[in-house]
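Asks: Before I ask anything, let me first share the structure, which is written out below as structure tokens.
The values are calculated or read from the model by the stated rules, or taken from the named source; none is laboratory data. Owing to the predicted nature of the structure, the values given are computational and were not obtained by experimental measurement. Cβ placement follows ideal geometry from the backbone for every residue including glycine, while neighbour counts extend to all protein chains displayed. These area figures cover heavy atoms from the full protein model, side chains too; ligands, DNA and RNA do not enter into them. Shrake-Rupley method; radii C 1.70, N 1.55, O 1.52, S 1.80 Å.
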Amino acid sequence: MGKYKYIKWFNEIDKNDIPIVGGKGANLGELTQKGVDVPPGFCVTSGAYTDFIKLSKLEDKIKEKIDGLDVEDSSELQKRAAEVRELINNCEIPKEIKSDIVDSYKEFSKNVKVENPEVAIRSSATAEDLPEASFAGQQDTYLHISGVEEVLNFSRKCWASLWTARAIYYREKQGFNHFEVALSVVVQKMV
């Protein structure tokens, strides 16, 4: 295990790491390992999302919002989904997760020799490419993000994007447990 609990650099991951870094992250790692010239970066692991929910004691609050929800009632689904995303976006990232993200972004800045480099912050769902389901395109991507606070903020926004009305509806219809679907965040240098 590297020096970070919640971070995996592209050169540390490959296609076998989908449960940890999602499909997008695993593919970027695989390309990096094979020597393909991809912009450098790292993944905030799915464990960071899972621990964020647990350590922040958000699971019960989220369950309160979605229990008994009729996903066919579009306006109620939209309302509750927005409430869940607001819970997540207004929640402080626990310090052990935050310090890994902050320290890795600073290390990344040194590696690319740019202070506060612009990065893409992209969601990488761990269930994205399952044969029986496709989560592709359901979560958010943010471009031209710069600075530690923004990287933290937009990483949290990616986690919150697991709770859009569309994503909740899809998981309900596919029979997925909402808390068994996790999300990694890819932080990659903009070119």
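Asks: Starting with the highest mean, order 85-96, 160-171, 57-68 by the number of other Cβ atoms within 10 Å, averaged over the residues of each peptide.
Replies: The most tightly packed comes first, giving 160-171, 85-96, 57-68.
Asks: Sticking with this structure for a sec: Provide the per residue accessible area, probe 1.4 Å, for the chain, rounded to a whole number of square angstrom.
Replies: Details: 9470 Å² over 191 residues.
Accessible area per residue: 50 Å².
Asks: Counting pairs of alpha carbon atoms under 8 Å apart in space and at least six apart in sequence, what relative contact order in percent does the range 1-102 give?
Replies: Rounded, it is 28 percent for the range 1-102.
Asks: For Val148 and Ser74 in one chain, what is 0.36 nm times their gap in residues minus the Cα-Cα distance, to one decimal in nm?
Replies: Working: separation 74, 0.36 × 74 = 26.64 nm, distance 3.63 nm.
In short, 23.0 nm is gained.
Asks: Another question, then. Among the aspartates and glutamates, which fall within straight-line cross-link reach of Lys61, defined as a Cα-Cα distance under 19 Å, with same-chain neighbours fewer than 8 residues apart omitted?
Replies: Answer for Lys61, where 19 Å is the Cα cut-off: Asp51, Asp70, Glu76, Glu83, Glu86, Glu92, Glu172, Glu180, listed by chain and number.
Asks: At 222 nm, what value in deg cm²/dmol follows for the chain if DSSP H runs of at least 4 each add -39500 (n - 2.57) and the sum is divided by all its residues, to the nearest 500?
Replies: That comes out to -15000 deg cm²/dmol.
Asks: Quantify, in whole percent, the carbon and sulfur part of the accessible surface of the range 6-138 (1.4 Å probe; protein heavy atoms only).
Replies: Answer for the range 6-138 is 47 percent, counting heavy atoms of protein chains only.
Asks: When only C-alpha pairs under 8 Å and at least 6 residues apart count, what is the relative contact order of the chain, in percent?
Replies: 30 percent
Asks: Of the listed pairs Lys54/Lys157; Lys65/Lys106; Lys34/Lys157; Lys54/Lys113; Lys3/Lys54, which have alpha-carbon separations greater than 28 Å here?
Replies: Distance filter (> 28 Å) returns Lys65/Lys106; Lys34/Lys157; Lys54/Lys113.
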